[in-house]
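**Student:** Provided herewith is a single structure, encoded as structure tokens, for subsequent inquiry.
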Amino acid sequence: MSPSPANDRALLKVRPGAEVSCQTDIGCHRENNEDSFGYWEPEDDQQFLRKGRLAVVADGMGGYEGGQEASRLAVESIVSSYRDSNGADPQVALAAAIQSAHELIRQYGLEHPQLRGMGTTCTTIAIVQDSLYYVHVGDTRLYLVRDGQITQVTRDHSYVGRLVEAGMITREDAEKHPQRNILTAALGTSTDLIMESPGRPEPLQSGDVLVICSDGLWGQVRDPEILEALAGKSAEEAGHTLIQLARERGGPDNITVEILRLS
């Protein structure tokens, strides 16, 4: 399965064991959608046991065309690299896929001077049997919902994120900070790549829900509201509810959300 284009709510082929929804919206003020998403799982049973389910969200930057191209390249490259990987460790494969996407975007920017400054955030996960693997760059977010609680798994690679980690401001202050959109890491924007890649997988349980979203969603919708939207709804319904809520609050940015509910 090829990665889903950024503006298409594709009908996904999903094996039993998970409910998956991928949705994106241009928002209320943008002329184009610089977000991209992808979902992939192998058709071969043995490959599925080894590689599981792959999901990725990327939020591009760098102008009208640059942001679109950067996020598209990231998603396509990550899906292709992970699909073709031969190693046994999904975490290593994800990290290599992110690194490859970073180098591809940098090279593309060098070859197209009009796209100078192009880059993208990216959060990608692999669910392999009962374990969660992930790699993260930028301020797209991964949440884990379990037993009525929501936890932000990734940390924001941003100036304001550093202030929160240092205890200088609260998360509530960060949501209104005028410099909250200044990133400290992104794919394609500098020679070295800073990525969050945990040393061990996170054990998953039946009933867990994983949410990957761009800042166009979490910037307008609070964590408890994400939790509330998921309660008693299908993944598709919950995604629609969250996008509508972000739009009702102004929708200043593109809005993308992937939801994976494990059964």
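**Student:** Taking Ala101 as the residue in question, decide whether it is more than 16 Å from Gly199 (Cα to Cα) and either of a type in the set (Val, Ile, Thr) or crowded, with 20+ Cβ neighbours inside 10 Å (or both).
**Tutor:** Yes; evaluated as a whole, the condition is true for this residue.
**Student:** Sticking with this structure for a sec: What residue, of His157, His136, is out of contact with any Lys or Arg (no Cβ under 9 Å at 6 or more places or on another chain) and crowded, with 17+ Cβ neighbours inside 10 Å? Steps first, answer last, please.
**Tutor:** Values: His136 fails: out of contact with any Lys or Arg (no Cβ under 9 Å at 6 or more places or on another chain).
After ruling out the rest, the residue left standing is His157.
**Student:** For region 23-43, enumerate the residues that are over 21 Å from Ser77 (Cα atoms) and part of a loop (DSSP other than H, G, I, E, B).
**Tutor:** Ile26, Gly27, Cys28, His29, Arg30, Glu31, Asn32
**Student:** Write out, first by first residue and then by second, each pair whose Cβ atoms fall under 9 Å of each other, whose residues are 6+ apart or on separate chains, and whose first residue, in region 58-69, is more than 15 Å from Gly38 (Cβ to Cβ) while the second is hydrophobic (A, V, I, L, M, F, W, C) and assigned to a strand (DSSP E or B).
**Tutor:** Listed pairs, sorted by first residue: Met61/Leu183; Gly67/Met61.
**Student:** Something else about it: Kindly provide the set of residues from region 119-157 that are in contact with a Phe, Trp or Tyr (Cβ under 9 Å, 6 or more places away or on another chain), within 18 Å of Glu76 (Cβ to Cβ) and hydrophobic (A, V, I, L, M, F, W, C), ordered by number.
**Tutor:** Ile125, Ala126
**Student:** Which one is surrounded by the fewest Cβ atoms within 10 Å (Cβ to Cβ), of the residues in region 224-251 that are polar (S, T, N, Q) and assigned to a helix (DSSP H, G or I)?
**Tutor:** Gln244
Here is a yes/no grid of residues against (1) part of a loop (DSSP other than H, G, I, E, B); (2) at pLDDT below 95; (3) aromatic (Phe, Trp, Tyr):
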{"position": "Phe48", "(1), (2), (3)": "no, no, yes"}
{"position": "Val56", "(1), (2), (3)": "no, no, no"}
{"position": "Glu65", "(1), (2), (3)": "no, yes, no"}
{"position": "Ser81", "(1), (2), (3)": "no, no, no"}
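**Student:** Only one of Gly216, Gly207, Gly188 is of a type outside the set (S, T, N, Q), touching a Pro at 6+ places or on another chain (Cβ under 9 Å) and in contact (Cβ under 8 Å) with a residue 24 or more places away in the chain; which? Let's see the steps before the verdict.
**Tutor:** Working: Gly207 fails: touching a Pro at 6+ places or on another chain (Cβ under 9 Å); Gly188 fails: touching a Pro at 6+ places or on another chain (Cβ under 9 Å).
Only one candidate qualifies: Gly216.
**Student:** Just to check your reading of the model, which residue among Ala97, Ala88 is assigned to a loop (DSSP other than H, G, I, E, B) and out of contact with any Cys (no Cβ under 7 Å at 6 or more places or on another chain)?
**Tutor:** Answer to the selection: Ala88.
**Student:** Looking at this structure, is Val221 assigned to a strand (DSSP E or B) and either hydroxyl-bearing (Ser, Thr, Tyr) or closer than 22 Å to Ser158 by Cα (or both)?
**Tutor:** Criteria not met by Val221.
**Student:** Further question on the same structure: Quick check: is even one residue across region 107-118 under 13 Å from Gly38 (Cβ atoms) and either surrounded by fewer than 24 Cβ atoms within 10 Å (Cβ to Cβ) or touching a residue at least 12 places away in the same chain (Cβ under 8 Å) (or both)?
**Tutor:** no
The values are calculated or read from the model by the stated rules, or taken from the named source; none is laboratory data. Predicted model only: the values in this text are computed from it and were never measured. Note that each Cβ is placed from the backbone with ideal geometry, even for glycine, and that neighbours are counted across all protein chains shown.
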